[in-house]
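Working notes, beginning with the structure itself.
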Amino acid sequence: MVGFEVQIFESFAMQTPEQFEMEAACHCGTVRFRVKLTNGLNTVRRCTRSYCRMRGAVAVSADTDGITFHTGYEALTVYRFNTEIARHYFCSRCGICTHHRRRSNPNQYGVNVACLEGISPFDFADVPVIDGVNHPSDHGRGYEVVGHLRFIRAEDNSATGATRPDAYG
C-alpha cells in the first residue's frame, strides 16, 4: 500500500501498540471479539470497490490470528462475490459487517472501526480512500490512494445558547 499519514483526533494520538488490542462487537452485541490491530490505527482506510463503497465502513487491519471470538461466532454470516477470495462477515441478527478477509492479503482481516470499543469512524480527521476498483491482485502493484474523506467537527454552540437547524427531522 502506498504510504500515507493518518490524522486522528488527539484522544488517540498518544496510544501505545499494546492499547491496540481491543474489544469489539456488532451493534446488537451478539458477536463479541478481541482484536489485535496489525499497526494500530495507522492502517485506517476506505475503499472504492463496489461492495466496500456501498457498505461505507472505515477499516483497519488485523492478522487472521489476531481475532479471538468471545461470543457469537456462530451468528456470523459470510458474503463472497466475484473471485470469492474476500469474505465479508456480518452479524445475522443486526446486519453489521464486523470484519472481512482481505482479497489483497488473505492473511489479514479488515476490521470495521465502528465495532471497536471506544472508537468511531468520526474520530479520524482524515481517512485515505484506496483504489479498490483497480485491485492490486489484478495488476500486481500496491494500493493507490485516490482520495481522502475528511471529518470536520461542527462548532459547538451549546455554551452560547445557539441552536443548530434540525435539517434531518
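Read-outs throughout are calculated quantities, based only on the coordinates presented, and are distinct from any laboratory measurement. If you're wondering where the values come from, they're calculated on a predicted model, not measured in any experiment. Because the Cβ atoms are built from the backbone with ideal geometry, glycine has one as well, and the counts that use them run over all protein chains shown.
Sort 90-98, 41-49 for me by packing, meaning the mean count of neighbouring Cβ atoms within 10 Å per residue, highest on top.
Working: 90-98: 18.4, 41-49: 20.4.
Per-residue mean Cβ counts within 10 Å order the peptides as 41-49, 90-98.
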Notebook entry, point to check: What distance in nm separates the simple spin-label points at T71 and E144, each placed 7 Å from Cα in the Cβ direction?
Noted result: 4.7 nm
